[in-house]
Amino acid sequence: MTVEEFLYQSADRLREGEYLVPEVVLESIDQARERLEEMCEHLESDPSPSGLEPLDAAMFEAYGLFLEALDLLELAVEEDLPGLASEILVRTQDGVETLREVRRRAGFHNDSLQEEVGAIG
Amino acid sequence: MTEISSLGIGGAGVDTLERWALAQFTAPARMQRAQRKERIHEELSQLLFGVDLSPGELRLYRARLLEAIARVDDLERAELFLPERNLSVPRARMMMPVSGIGWLPSEQTTRTVEVSAAHEVHSRNLAKTLQTALALNPKSVHRDFHCVGIVMARGGEGVRWGEDKVQLSQWGLSVVNAQDYPKVAKLRLPPRFPSQAEMVQFRAG
């Protein structure tokens, strides 16, 4: 299960009134956090050149949204607060949309530069 | 009482995760999130704006764009190793320990606990009763706030008793009387009562 699927499924089940098993969910939250923090560190150590900084900013935003969703999920499980499900879903969805936008924009500019490289030979 | 709308939504002035989570439900928090999203998309639309690239840089920038796409893929495909157990169980099948006895609550028809005006009235009535009881015996440190007797029949073992009791200290009682719930770090009430967060949300609404 991916981080995105885990967040969607957990929030859906909370919303449906199910009881999330803390032993399973909290362990998965820790794993997901670790993965996201590794990705953040990797990006921090290798920033994009001038003109491409917005890609990094958008990636940090997506990582941040997923991390916030994980924080909320942890609280929902530990304090038994199903009402937080909607906020978890909103953040996950925003994170997913940000990733899609990064892919779309990077893909578009990659195609444009490829044409230029081709024209130059 | 602390107004939720006055809490910092980005972390400033929010000393606990609980308070931060409550602040996320406010209108300013939602507006700030929407603005942040808009700003990120706006910045992405200005990618490579005004950048003049040499032939060598063109290749370098293409490589960096492909790396960005690979980063998105990495995150979308990041697999978690979940233990071989269910992520959740229906509440109707969840055993709750009550005074050493496993209690299986009856299936609920409502999906989540809803905070109603009735809860508020009930809580005030209980507080009044307890205030009277406290006046009669002021030396008592803890008082029963809510007490539920549970009768269980289990196979041939006959009928056994369980009890679910919530006690409040005099300080806790004062908090309930003052209806100043944010000062309560953790207020654990039986499922039919609203949790602290829900009470705060209800009061804020």
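The values are calculated or read from the model by the stated rules, or taken from the named source; none is laboratory data. The model shown is predicted, which means the values in this text are computed figures rather than measured ones. Quick reminder, even Gly has a Cβ in these numbers, built from the backbone with ideal geometry, and neighbours come from all protein chains shown.
Before moving on, here are some points about what is shown:
- Taken over segment A:64-85, the criterion of being surrounded by 21 or more Cβ atoms within 10 Å (Cβ to Cβ) and over 18 Å from residue B:23 (Cβ atoms) is satisfied by A:66, A:77, A:82.
- Residue check, residue A:41 within 17 Å of residue A:1 (Cα to Cα) and surrounded by fewer than 19 Cβ atoms within 10 Å (Cβ to Cβ): no
- Residue within segment A:49-70 that is under 26 Å from residue B:42 (Cβ atoms), in contact with a Gly (Cβ under 7 Å, 6 or more places away or on another chain), at the interface with chain B (Cβ under 8 Å from one of its Cβ atoms) and of a type in the set (A, V, I, L, M) present: yes
- Test for residue A:105: is it more than 7 Å from chain B (Cβ to nearest Cβ) and in a helix (DSSP H, G or I): no
- Failed item in (1) over 18 Å from residue A:2 (Cβ atoms); (2) surrounded by 13 or more Cβ atoms within 10 Å (Cβ to Cβ); (3) at the interface with chain A (Cβ under 7 Å from one of its Cβ atoms), with residue B:57 passing the rest: (3)
- All of (1) surrounded by fewer than 18 Cβ atoms within 10 Å (Cβ to Cβ); (2) closer than 18 Å to residue B:37 by Cβ; (3) within 14 Å of the chain's Cα centre (by Cα) hold for residue A:95 with one exception: (1).
- Residues in segment A:15-31 that are more than 12 Å from residue A:74 (Cβ to Cβ) and in a helix (DSSP H, G or I): 4 in all.
- Residue within segment A:46-57 that is out of contact with any Ser or Thr (no Cβ under 9 Å at 6 or more places or on another chain) and within 26 Å of residue B:22 (Cα to Cα) present: no
- Criterion violated by residue A:86 - all others in (1) of a type outside the set (A, V, I, L, M, F, W, C); (2) assigned to a helix (DSSP H, G or I); (3) more than 20 Å from residue B:30 (Cβ to Cβ) satisfied: (3)
- Single match in B:81, B:49 (criterion: part of a loop (DSSP other than H, G, I, E, B) and either modelled with pLDDT of 85 or more or under 18 Å from residue A:66 (Cβ atoms) (or both)): B:81
- Residues in segment A:1-15 that are more than 7 Å from chain B (Cβ to nearest Cβ) and touching a residue at least 40 places away in the same chain (Cβ under 8 Å): 6 in all.
- For segment A:86-121, residues that are under 18 Å from residue A:56 (Cβ atoms) and touching a residue at least 24 places away in the same chain (Cβ under 8 Å) total 8.
- Residue A:86 meets the stated requirement of being more than 8 Å from chain B (Cβ to nearest Cβ) and small (Gly, Ala, Ser).
- Extreme residue, nearest to the chain's Cα centre (by Cα), among residues of segment A:16-35 that are modelled with pLDDT of 90 or more and more than 8 Å from every other protein chain (Cβ to nearest Cβ): A:33
- If you check B:27, B:34, B:23 for being more than 10 Å from chain A (Cβ to nearest Cβ) and at pLDDT 80 or above, only one passes: B:27.
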